Amino acid sequence: MIKKLKKILSRVLPNLFKKKKHLKIGLYGPPNAGKTTLANKICKDWLGEEIEMGTASAIPHETREVQVQENINIKKKGKQLTFNLVDTPGIATKIDYEDFLKHKMNKKNARERAKEATKGVIDAIKWLDNMDCVVVVLDSTENPYSQVNITIIGNLAARDVPVLIAANKTDLKKSNIKKIESAFPQYPIVGISANKGKNIDELYEALFDLVH
């Protein structure tokens with residue numbers, strides 16, 4: 001009986017570890033924090049210059065559907081990580097079509113975007129149940145103690161999902177990583193500029209540390 005059990009475990013355990021090497025990693029955060037810019041940077045680094053996950057824009061909720069890029073393979077210092085990258089719509093506690101009018105949209109388009117953005121937020125929250133790890137992208141020039149950020153972190157904590165915080169836009173003068181560190185001391189935080197490609201290698205290293 002013991003021999004039979006050992007034989008079963010010898011087949012099953014390696015498969016379990018193999019599955020864990022291929023993960024779903026989600027990019028979450030408020031609108032315009034730089035999730036899609038970071039997603040595009042990761043894809044370009046590891047899949048080639050022509051690969052992009054989406055379009056970054058100054059207009060909120062440019063990404064309104066969950067985007068998935070499969071089989072990204074990162075290799076660093078003898079370590080390897082294969083995962084599907086999931087870029088999600090910006091999380092918001094309130095979406096008002098009037099906010100889009102400020103960006104010179106007409107009423108019809110503004111209402112449509114608000115409707116799509118609302119659905120995108122709902123879908124993004126649903127996808128949390130499928131995540132093995134989440135990178136929360138926050139704008140380091142903004143106040144981290146926002147209702148949106150607390151909602152995101154609360155959802156992740158409730159699901160016990162491993163979290164890495166990317167404090168983005170460190171190339172800007174108003175950037176303040178210390179505020180983010182004070183707000184969420186329970187999680188590892190890496191300051192980056194997704195737009196300039198600054199400290200992205202440090203982000204990859206932190207990702208390895210989180211999932212291994």
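For the peptides 23-35, 161-173, 185-197, the ranking by mean Cβ contacts within 10 Å, running from highest to lowest, is 23-35, 161-173, 185-197.
What separates the Cα centres of region 27-45 and region 172-212 is a distance of 13 Å. Dipole check for region 94-212: with +1 at the C-beta of Lys and Arg, -1 at the C-beta of Asp and Glu, and the Cα centre as origin, the magnitude is about 820 Debye.
When the pairs Lys35/Lys198; Lys174/Lys198; Lys41/Lys126; Lys76/Lys173; Lys94/Lys174; Lys94/Lys115 are compared against a 20 Å limit on Cα-Cα distance, Lys41/Lys126; Lys76/Lys173; Lys94/Lys174 fall above it. Taking only C-alpha pairs under 8 Å that are 6+ residues apart, what is the relative contact order of region 21-211 in percent? 23 percent.
Within region 115-212, the chymotrypsin sites (Phe, Trp or Tyr not before Pro) that combine a DSSP coil assignment with at most 14 other C-beta atoms in a 10 angstrom radius are Tyr145. Model label points for Glu181 and Lys108, set 7 angstrom from Cα along the Cα-to-Cβ axis, are 5.2 nm apart.
Ranking Leu207, Asn168, Thr88 by how far each Cα lies toward the positive end of the dipole of region 21-211 (charges on Cβ) leaves Asn168 at the top.
Coordinate-derived values only; no laboratory data. Note that the coordinates shown come from a computational prediction; the quantities given were computed from them, not determined experimentally. Methodologically, a virtual Cβ is constructed for each residue, glycine included, from the backbone with ideal geometry; neighbour enumeration extends over all protein chains shown.
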